[in-house]
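The structure appears right after this line, and notes come after that.
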Amino acid sequence: MTDTTTALTTQVYRVWIKATPERIWAAITDPEWNSRYAYQAPSYFELRKGGSFHATATKDMKDFAAANGFEVPDTILDGEILECEPPRRLVQTWRMLMDPSTAGEPFTTLTYEIEDAKMQPGVSKLTITHQLAGAPNTAAMVAGTEDSGAGGGWAWILSDLKTLLETGKNFVE
C-alpha cells in the first residue's frame, strides 16, 4: 500500500550504474556532462555550502514552448547547495521556474547519494531523494506521471544518465 501523502512529499529513486562514484559525480555536476542526457539542460553548481545552482533552457525547450503558446525563462531551475561531499553526497535546494503551475511553490530539497555497490565491483548505487513538502505541482512533474505533461521526471533522467555512462550514448543518439 502506498501512502499518497508520502509520495507527494518525498520521492526516492535508486539506480545501479557501472561507473565509479567520481564519474557519476561529474555527470551530475559538470555542465559538459549533464547537458548530454535527459532534458539536456546544462546545470551549473558552485560546489560549496552556500553555493548556487541553476539550469538553463535549451533552444529545443524554448522552441517547444513558443510553438505551444508559452514562454520558458532562460533559467529553468535554481537553488542553493546545502551540503557538498564529492563524490559521495550533494544536498541542495531546488525550484522549478519553467512552468507556471509551480509558481509560488517553495524550494524543495534534493539529495544525491553515491556509494559503491557491495554486490559488484565497479558498480555504484545512486540514490536521489527529493523532499517535496508544499510543492504538489512540482511533485507531479518530477514523478513523471503521464498526466503531468512534463515527461519522464527523475526516472527518465536517471535511466538516461545510466545509459550514457554505460554506453557513451543517450536516448536520442
**Request:** Kindly indicate whether any position in segment 98-113 is touching a helix residue (DSSP H, G or I) at 6+ places or on another chain (Cβ under 7 Å), over 19 Å from ALA26 (Cβ atoms), of a type in the set (Ser, Thr, Tyr) and modelled with pLDDT under 95.
**Result:** yes
**Request:** Go through (1) under 27 Å from LYS162 (Cα atoms); (2) at pLDDT below 95 one by one and return the number of the condition MET1 breaks.
**Result:** (1)
**Request:** Could you check how many residues of segment 90-121 are of a type in the set (D, E, K, R), in a loop (DSSP other than H, G, I, E, B) and open to solvent by less than 70 Å² (accessible area, probe 1.4 Å)?
**Result:** 2
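The values are calculated or read from the model by the stated rules, or taken from the named source; none is laboratory data. No experiment lies behind these values; they were computed from the predicted model shown. No Cβ is skipped: glycine too gets one built from the backbone with ideal geometry, and neighbour counts run over all protein chains shown. With ligands, DNA and RNA removed, areas are computed over all heavy atoms of the protein, side chains included. Shrake-Rupley method; radii C 1.70, N 1.55, O 1.52, S 1.80 Å.
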